[in-house]
Amino acid sequence: MRKKNDDLETLKLLPKKEIAEMILKLYDETYKETRIRIGELLMEDNKKSGLIKQYLKLSAPSQTTDNRPAMKWVDLV
């Protein structure tokens, strides 16, 4: 219990900015993996939705007589 009290007293002496930085650092360490995974999922989702849009665009009846593809295959890689 004494250790906790000493830590609390030390924290009380620190400026608010330092305490906020400590909280942000702890938060970053705690949730880093979750944020990385969420980012990966969003990127995968973006790629998938882009492919779906291209599919819908290509499968829709064309209003023009131009039959050239709307995208290059290298864009998929």
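Every number here is computed from the coordinates shown, using simple stated rules; none is lab data. Small disclaimer: the values here were computed from a predicted structure and weren't measured.
Phi angles across region 43-54 convert, under the Karplus curve 6.51 cos²θ - 1.76 cosθ + 1.60 with θ = phi - 60°, into 3J(HN,Hα) values of 5, 4, 4, 4, 4, 5, 5, x, 5, 5, 4, 5 Hz, Gly and Pro given as x.
Cross-link reach is defined here as a Cα-Cα straight distance under 30 Å, omitting same-chain residues fewer than 8 places apart; for Lys25 the lysines meeting it are Lys3, Lys4, Lys12, Lys16, Lys17. Of all lysines in the structure, the ones whose alpha carbon falls short of 25 Å from that of Lys48, not counting any fewer than 8 places away in one chain, are Lys32, Lys57, Lys72.
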